[in-house]
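> One structure, as structure tokens, below. Some questions next.
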Amino acid sequence: MNIMSVSLISGAEPGGGPVVEVPVATNIIFNQYWRPAAEELGLELIRKFPGGLSVTPEIMPDLVVELGVIERRFLELNEPWLAGRASTLRQWLVGAIERGVDDVYVG
């Protein structure tokens with residue numbers, strides 16, 4: 001059974017929006033693909049995912065950039081399913097910034 005052990009979780013959105021969980025990867029997949037790519041590319045925030053990362057409004061734009069970088073790397077590696085996961089996370093964070101979401105955790 002593949003359980004998502006690394007996920008993005010947000011608290012309730014301003015105005016009463018729902019709590020959201022966006023899957024990132026199982027530990028095995030994270031360690032096999034995400035971690036090596038993040039280390040190779042020097043992506044500091046993504047490397048913190050398994051240990052937990054509180055995504056404050058101040059670092060959200062930086063995380064959006066890192067997710068775009070790793071998405072492109074996954075496409076170069078011909079791993080569209082991983083690129084799609086990075087894209088989904090990136091798009092959700094862009095929307096979260098626009099909606100004023102400030103309670104986000106990845107771990």
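The values are calculated or read from the model by the stated rules, or taken from the named source; none is laboratory data. Predicted model only: the values in this text are computed from it and were never measured. Note that each Cβ is placed from the backbone with ideal geometry, even for glycine, and that neighbours are counted across all protein chains shown.
> Could you count how many residues in the range 54-65 are under 16 Å from ALA86 (Cα atoms) and either crowded, with 16+ Cβ neighbours inside 10 Å or touching a residue at least 24 places away in the same chain (Cβ under 8 Å) (or both)?
Of the residues in the range 54-65, 5 are under 16 Å from ALA86 (Cα atoms) and either crowded, with 16+ Cβ neighbours inside 10 Å or touching a residue at least 24 places away in the same chain (Cβ under 8 Å) (or both).
> Here is a further query. Only helices (runs of 4 or more DSSP H) wholly contained in the range 9-107 count here; list those with 2 or more residues that are touching a Leu at 6+ places or on another chain (Cβ under 6 Å), at pLDDT 95 or above and of a type in the set (A, V, I, L, M, F, W, C). It would help to see each step written out before you state the result.
Numbers: elements: 35-41, 44-47, 60-76, 80-99.
By residue number, 60-76, 80-99.
> Looking for whichever is farther than 20 Å from ILE9 by Cβ and out of contact with any helix residue (DSSP H, G or I) (no Cβ under 6 Å at 6 or more places or on another chain) here; the options are GLU39, GLU71. Which one fits? Before the answer, list the steps.
Working: GLU71 fails: out of contact with any helix residue (DSSP H, G or I) (no Cβ under 6 Å at 6 or more places or on another chain).
Exactly one residue qualifies, and that residue is GLU39.
> Does SER5 count as among the hydroxyl-bearing types (Ser, Thr, Tyr), in contact (Cβ under 8 Å) with a residue 12 or more places away in the chain and touching a helix residue (DSSP H, G or I) at 6+ places or on another chain (Cβ under 7 Å)? Spell out the reasoning first.
Details: among the hydroxyl-bearing types (Ser, Thr, Tyr): yes; in contact (Cβ under 8 Å) with a residue 12 or more places away in the chain: yes; touching a helix residue (DSSP H, G or I) at 6+ places or on another chain (Cβ under 7 Å): yes.
Taking the combined requirement at face value, the residue satisfies it.
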